[in-house]
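Undergrad: I have a structure I would like to understand better, so I am pasting it below and will then ask my questions one at a time.
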Amino acid sequence: MASKIRSSEITPESVFRERRLILQAAGLGLGASASTLLPSEAMAKTPLTGDIAKWPDSTDEMQTSYEQATTYNNFYELGTAKGDPVKNADKLITEPWTVEVGGQCEKGGKFALEDILKPHALEERIYRLRCVEAWSMVIPWVGFPLADLLKRFEPNSRAKYVEFKTLYDPVQLPGQKFPVLQWPYSEGLRIDEAMHPLTLMAVGLYGKTLPNQSGAPLRLVVPWKYGFKSIKSIVSINFVELQPQTSWNISAPREYGFYSNVNPRVSHPRWSQAKERRLDGGSKGFSALFSDKRKTEMFNGYADEVASLYTDLDLKKNF
Ligand SMILES: Nc1nc2c(c(=O)[nH]1)N[C@H]1C(S)=C(S)[C@@H](COP(=O)(O)O)O[C@H]1N2
Ligand SMILES: [Mo]
């Protein structure tokens with residue numbers, strides 16, 4: 001995706017330069033105050049306490065390292081280069097945090113993060129997440145099924161889709177000063193996808209609360225869809241009747257569909273999706289360029305669980 005929206009192509013050169021300066025300034029601020037820490041350690045959050053059940057169906061593939069998972073990120077609100085989000089992460093303030101729930105449901109409203117989280121027992125699930133850019137990671141996420149949260153709001157029969165939005169605040173998320181995507185970042189799922197038991201509302205990774213660059217304090221992880229469906233730093237959940245617009249689909253409808261299921265048989269218009277680079281901190285090293293290439297699996301390897309959601313859908317048309 002980064003190649004698609006190389007900012008120099010879509011913004012005037014002066015705006016591009018200004019953005020670089022702002023993002024560099026933000027990065028310098030962090031470096032000066034935390035120079036003895038690794039970038040990821042500077043943003044590491046508190047260990048999660050209490051019982052965290054281990055999900056029995058976790059993959060046993062080699063895990064991506066914490067360092068790699070928290071320094072190689074897509075979070076365009078904090079910069080478009082993979083190393084930008086960790087550098088700019090300290091701009092985002094996640095306490096207090098409010099989530100607004102509305103639309104086709106009986107029990108919407110504004111909820112403090114604590115009230116969103118309180119009833120839910122946490123679970124660790126090791127999931128693959130594959131980016132549409134053809135790299136993937138294996139991460140021990142901590143969270144709870146999104147369905148358990150959504151049911152509390154009592155969606156009605158007109159709730160056919162769920163729309164999610166990220167915080168909009170160009171001071172805390174300086175990338176929003178530039179028209180890289182339509183802000184706030186928005187994503188959506190069909191209601192049955194949102195209610196699927198694999199769809200996770202994540203609050204942590206590797207036993208710790210989410211660092212900001214990973215989408216603190218609350219993000220989706222939808223393991224059978226390309227990573228951009230896994231929206232970060234959620235402040236809004238809306239039950240809607242019609243398929244919602246999504247930021248990536250608006251920016252390039254031919255390249256990023258609403259469904260975005262991992263499908264090696266449907267190429268991205270500018271590159272194949274047949275293979276992927278696994279970032280697993282293994283002997284081939286850190287960078288996606290040097291990691292092992294492996295075949296991408298249908299639905300990212302979760303076909304047994306989710307293929308039945310799509311039996312009536314032509315997945316070439318509904319990509
Ligand atoms: N708000 C927001 N959420 C986002 C993104 C983003 O730019 N902004 N990038 C998406 C993309 S393209 C990917 S691949 C995943 C990356 O998640 P990670 O940084 O935890 O690996 O986050 C997704 N969620
Ligand atoms: Mo992505």
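No value in this document is a laboratory result; all are computed from the given coordinates. This structure is a prediction, so every number in the text was calculated from the model and none was measured. Reconstructed Cβ throughout: ideal geometry from the backbone, glycine too, with neighbour counts over all protein chains shown.
Undergrad: Past the 25 Å Cα-Cα mark, which pairs from 87/165; 160/317; 82/317?
TA: 82/317
Undergrad: If I take the Cα coordinates of the stretch 143-204 and project them onto the principal axes, what are the three extents in Å, biggest first?
TA: 37, 29, 18
Undergrad: To the nearest 0.05, how large is the calculated FRET efficiency for residue 318 and residue 121 if R₀ is 25 Å and r is the Cβ-Cβ distance?
TA: Result of the calculation: an efficiency of 0.15.
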